[in-house]
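Step one of this worksheet: look at the structure below.
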Amino acid sequence: MTIMAIMRHAKSDWGQPGLADFDRPLNERGRKAAKRVGRELKHRKIGFDRVIGSPAARVRETVVELEEGYGEPLSAQFERRIYEAGVDALFELVRMIPEHVHAPLLVGHNPGLHQLVLRLASGDDELRARISDNLPTGALALIELPAARWDEVEPGTGRIAELILPRELD
């Protein structure tokens, strides 16, 4: 069994016309939400041994705020291929995670991440239904997969074990 967390970056700031999409920062609401998710992860005793994120500014800032809320540094690496990646590229990235990584967190963007969660997690359970239309900003899905190694992960074999939505936190 492998466990993977997938998180969409927190709410970004659209207040700077002309700023490149890649460079958009988080807004205040997004910073607070990412910090709250970090605290909730700590409370639920969910940890990661690798954070793999898009290098976009809003993802980097999401990771910083998540770390602050979590209260411990998260080992983050930023992968250019995640920015603007479609579901096929993201699925292949999952299958290429090194064997020694047991609990990765993938942080990036919709629509790719939303589609990846739906591709990995099968079934018609309540958690999957709650994000069937959208993975909201700052949301995190923890997916249990029956594969022993990442290169054995198959579509539709996982299940969403935990779902954290910022709007549902205090």
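The residues of region 85-108 that are free of Cβ contacts under 8 Å to residues at least 40 places away in the same chain and touching a Gly at 6+ places or on another chain (Cβ under 8 Å), listed by number, are Ala85, Gly86, Val87, Ala89, Leu90. Just one of the listed residues (Ala141, Ala148, Ala85) is in a loop (DSSP other than H, G, I, E, B) and crowded, with 19+ Cβ neighbours inside 10 Å, namely Ala85. Per the listing Leu116, Leu135, the residue uniquely in a loop (DSSP other than H, G, I, E, B), touching a residue at least 60 places away in the same chain (Cβ under 8 Å) and in contact with a helix residue (DSSP H, G or I) (Cβ under 7 Å, 6 or more places away or on another chain) is Leu135. When region 48-76 is limited to residues that are under 15 Å from the mean Cα position of the chain (by Cα) and charged (D, E, K, R), the one that is surrounded by the most Cβ atoms within 10 Å (Cβ to Cβ) turns out to be Arg58. Scanning region 151-170 for residues that are under 17 Å from Arg44 (Cα atoms), among the acidic types (Asp, Glu) and not in a loop (DSSP other than H, G, I, E, B) yields a count of 2. The set of residues in region 119-129 being over 24 Å from Glu84 (Cα atoms) and assigned to a helix (DSSP H, G or I) consists of Glu126, Leu127, Ala129. Only residues that are in contact with a strand residue (DSSP E or B) (Cβ under 6 Å, 6 or more places away or on another chain), within 18 Å of Ala161 (Cα to Cα) and surrounded by fewer than 22 Cβ atoms within 10 Å (Cβ to Cβ) were counted across region 6-47, and they come to 1.
Each value in this text was obtained by applying a stated rule to the coordinates, not by laboratory testing. Since the structure is predicted, the reported quantities are computational estimates derived from the model, not experimental observations. Glycine gets a Cβ as well: all are built from the backbone with ideal geometry, and neighbour counts include every protein chain shown.
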